[in-house]
Amino acid sequence: MDALEMVARLMEISAVTAPKSRGQNFVATRVLAGEEVAALARAMEEFGRRSGKKDFDRDSRGVASCTTVVLMGLKDAAPLGLDCGACGFQTCKELTDAGKTDGEFSGPICAFRHLDFGIALGSAVKTAQMLNVDNRIMYRMGVAARLAGMVDWDFVMGIPLSVTGKNIFFDR
């Protein structure tokens, strides 16, 4: 296992052990390396071309230049049960009964599960940063990974990793 893959595995640990509402974990992780990263970069470029959506091509070039990626997402996240309305529905039952939409992401998803996911993302990138590994949370990677069937999660973000003299993910 190379150093970047080791960092990616430590990031997965940080995501899994991050605090979650009621201690319930719906956060999923997957490490991509080598050809899988190249396939993801191609999927990003293809989706951007097909959809006409901006900057998928630009971000695909950054992803293509790295060797390791961490995908993180939510899968089958059950509502917390607070009936708080933050998801846009009055009750958790209404959210559940609404059924899933399917597009770039699948939803609706309980707002508290999104908060849990944000905390897990923050924990993962904190781990990479503590080890001086350049990274950036990318929505476009998650869309492409999900639509290309690399993961079957409902909501996905990607974190490319790089060790160079300049953070390539902010050099746009």
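The values are calculated or read from the model by the stated rules, or taken from the named source; none is laboratory data. Not measured: the values here are computed from a predicted model. Cβ coordinates were reconstructed from backbone atoms using ideal geometry, including for glycine residues, and neighbour counts include every protein chain displayed.
Considering (1) under 23 Å from Leu121 (Cα atoms); (2) out of contact with any helix residue (DSSP H, G or I) (no Cβ under 7 Å at 6 or more places or on another chain); (3) charged (D, E, K, R); (4) at pLDDT 95 or above, the lone condition that Lys93 does not fulfil carries the number (1).
Of all the numbered requirements in (1) in a helix (DSSP H, G or I); (2) farther than 10 Å from Ala120 by Cα, Arg30 misses one, and that requirement is (1). Restricting Asp134, Asp59, Asp55, Asp116 to those that are out of contact with any Asp or Glu (no Cβ under 8 Å at 6 or more places or on another chain), crowded, with 21+ Cβ neighbours inside 10 Å, within 26 Å of Gly34 (Cβ to Cβ) and acidic (Asp, Glu) reduces the list to Asp59.
Taking the residues in region 21-30 that are of a type outside the set (S, T, N, Q) and surrounded by fewer than 21 Cβ atoms within 10 Å (Cβ to Cβ) as candidates, determine which candidate is nearest to Asp152 (Cα to Cα). Going through the qualifying residues, I end up with Arg30. In this structure, is Ala78 without any contact (Cβ under 8 Å) to a residue 60 or more places away in the chain and assigned to a helix (DSSP H, G or I)? Considered against the rule, which asks whether it is without any contact (Cβ under 8 Å) to a residue 60 or more places away in the chain and assigned to a helix (DSSP H, G or I), Ala78 comes out as no. With Leu131, Leu147 as the choices, which residue is in contact (Cβ under 8 Å) with a residue 60 or more places away in the chain and within 16 Å of Met72 (Cα to Cα)? None of the other options fit; the residue is Leu147. One residue stands out among those in region 88-139 that are under 13 Å from the mean Cα position of the chain (by Cα) and in a loop (DSSP other than H, G, I, E, B): the one that is nearest to Asp154 (Cα to Cα), which is Phe105. Within region 20-38, residues that are on the phi > 0 side of the Ramachandran plot reach partners that are small (Gly, Ala, Ser) with beta carbons closer than 9 Å, at six or more positions or on different chains, in the pairs Arg22/Gly81.
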